[in-house]
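The values are calculated or read from the model by the stated rules, or taken from the named source; none is laboratory data. The model shown is predicted, which means the values in this text are computed figures rather than measured ones. Backbone-built Cβ (ideal geometry, glycine too); neighbour counts: all protein chains shown. SASA here: full protein model, heavy atoms, side chains in, ligands and nucleic acids out. Shrake-Rupley method; radii C 1.70, N 1.55, O 1.52, S 1.80 Å.
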Amino acid sequence: GEASVMRALCYFNLVRIYDHVPLITEDIPEITTENIDQIYPLLYPAQTSKDSVYTQILKDLDYAIVNVPDYSGDNKFKITKAVTNLILAQVYATKDGVANTDWAKVKQYAEAVVNDSRYGLLDNFDDLFTIGETAPDKVLPSVDLKYENSKAS
């Protein structure tokens, strides 16, 4: 699920910047002298239409929403349903242009993030940068943020 979100996010950024991009969804087999003619087109694929890329993005995110963890608890660097919903809201907000945007979908996915009470802002913005205790056994200096895994992370 997490890999699907990463691929969707990369293609989402690419299609917004370049419009038409090559769409690669399968692994490329090992190249040998016997299969070079079959593998060569896989290495340099033709560009895919913007609609096809968005279809793959939505397919990846639909797969991910079912297969990523609901909440990451102590590790805020995991891809969760909230991150997936956020990206889905962005995709639906931009994929068809402002005039054709499906605002009901944008609202649905944005509300899924906003209404999740496990996420929120700290009462004091400065707390985001408060440094916690540094372990004495660390050789290199490091910054341990006291509220690194807070609900604002």
GluC sites (Glu not before Pro), loop per DSSP, at most 11 other Cβ atoms within 10 Å - longest free stretch of the chain
35-132
Sort Tyr92, Tyr119 from largest to smallest accessible area, using a 1.4 Å probe on the heavy atoms of the protein chains.
Tyr119, Tyr92
Links exceeding 20 Å between C-alpha atoms in this model, out of Lys59/Lys105; Lys50/Lys81; Lys95/Lys151; Lys81/Lys151; Lys81/Lys146; Lys81/Lys105, come to Lys50/Lys81; Lys95/Lys151; Lys81/Lys146
Please report, as a whole percent, how much of the solvent-accessible surface of the chain comes from carbon and sulfur atoms (probe radius 1.4 Å).
56
If every alpha-carbon in the chain counts as one equal scatterer, what log10 I(q)/I(0) does Debye give at q = 0.09, 0.10, 0.21 1/Å?
-0.45, -0.54, -1.26
Accessible surface, per residue, of the stretch 6-109 when the full set of protein chains is kept, probe 1.4 Å, Å²:
64
Please list the non-local residues whose amide H lies under 5 Å from the amide H of Leu145, H modeled 1.01 Å from N, same-chain partners needing a gap of 5 or more.
Gly132
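Can you list the equivalent-ellipsoid semi-axes of the stretch 84-134, largest first and in whole Å, using the square root of 5 times each Cα gyration tensor eigenvalue?
Calculated on Cα positions only, the semi-axes equal 33, 12, 9 Å.
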Per 5 Å bin from zero, what fraction in whole % of the C-alpha pairs of the stretch 1-91 is there, up to the bin with the longest pair?
3, 14, 21, 17, 15, 13, 9, 5, 3, 1
